[in-house]
Each structure stands twice: as structure tokens, then as C-alpha cells.
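J.: First the structure, which I've put down as C-alpha cells, then a few questions once you've had a look.
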Amino acid sequence: MRRLAALFLLALTACGLRPLYEGASGEAITGVLRSVEVSPIEGHSGWLVRNKLRDRLDHGDAGTATYRLTVTLDDDITAFGIRGDRAATFERRTLRARYQLVEASTGTVLLDATATSDAGIDIVSSEYATVAAEQTALERLSDQLADQIVTRLALYASRTTAPQP
């Protein structure tokens, strides 16, 4: 069993994978992430995503920020599963974000990307339960989008600021 584990670790290091936040390069990446200010995002879903981004980026201050992150959201709910009485039985909530990392001093766009996440929602006879399910889905989708965006920013930072081995 130990041989198998050692062989697995050897194969893993041979494939070129390395920890993103390891050593001095990890400090450089977290330094870049801390210097990102998140611009206000429109709407309730924007408020949720912005707060989650700020939590993950360690609250970049507008005065000391080197970078600015602008995000535009598209929040869509589509009904599926139409019954005989033309009532929907299922919804899909999709949250899409187009985001840009901009150098604050020059206004140069350094990164322009998108992130998407979706969730299924069962429509039940209780209107309150359906609204609560939609809100819960929005909170989960906001978490997922924030994770995707911060991961992409960290990858960008690792490729541009961290020393390569």
C-alpha cells in the first residue's frame, strides 16, 4: 500500500501540478488578491456576489487598490416541465458574470472573462417555499461564482507575478 501511495505522489509531481499558494509565490498571489477593489454590482444578486468576492479577496480598499474588478451579472430563471394546466413544475436559475480586472492607475484591462453557474429548483404548491428555494439557489450560485472568479484571478496572478520554477 505504501508503494502505491509513493508511486502516486511521484506521478503527481511529474505531471507538473504544484500548489498555487505555496511559499513566496503564494505570498505574491495573496498580495495581488488583497490589492483588488470590487466595484459595486447592480441588483440584489450583485450585492450578494460583491460581498462574497470582498470576503474572499480580503476587502481591497479603494484608496490603496492596485486593481479594480468590475462585474456585470445576468440572473435568469427559466421554467421547465409544463403540466397539463400550463403550470411549470421546475425552474433553472442561471447566474452569469462577465468580469474584468483593470489596472487602477492606467485603466488597462488585464483580464476579461466569464463565469457561469446554475441550479435547479422544484416548484411546489406553496408559493413561499418556491420563493425561498429561489433565494437559496441565488445564495449558492453567488458563492460558486465568487469562487470561480477568485480562482481565475489567482491563476492570473500566479502567471504574471509569481516566479516560475
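Bear in mind these aren't lab numbers, they're just calculated from the coordinates by the rules spelled out. On a predicted model such as this, the values are computed, not experimentally measured, just so you know. Glycine gets a Cβ as well: all are built from the backbone with ideal geometry, and neighbour counts include every protein chain shown.
J.: Identify the single condition in (1) touching a strand residue (DSSP E or B) at 6+ places or on another chain (Cβ under 9 Å); (2) free of Cβ contacts under 8 Å to residues at least 60 places away in the same chain; (3) not in a strand (DSSP E or B) that SER142 does not satisfy, given that it satisfies every other one.
T.: (2)
J.: What residue, among those in the stretch 119-142 that are surrounded by 15 or more Cβ atoms within 10 Å (Cβ to Cβ) and in contact with a Ser or Thr (Cβ under 9 Å, 6 or more places away or on another chain), is farthest from SER39 (Cα to Cα)?
T.: Filtering the stretch 119-142 for residues that are surrounded by 15 or more Cβ atoms within 10 Å (Cβ to Cβ) and in contact with a Ser or Thr (Cβ under 9 Å, 6 or more places away or on another chain), the one farthest from SER39 (Cα to Cα) comes out as ILE123.
J.: Quick one: VAL102 ticks every box in (1) touching a His at 6+ places or on another chain (Cβ under 9 Å); (2) under 17 Å from ARG34 (Cα atoms) bar one, so which box is it?
T.: Of (1) touching a His at 6+ places or on another chain (Cβ under 9 Å); (2) under 17 Å from ARG34 (Cα atoms), only one is false for VAL102: (1).
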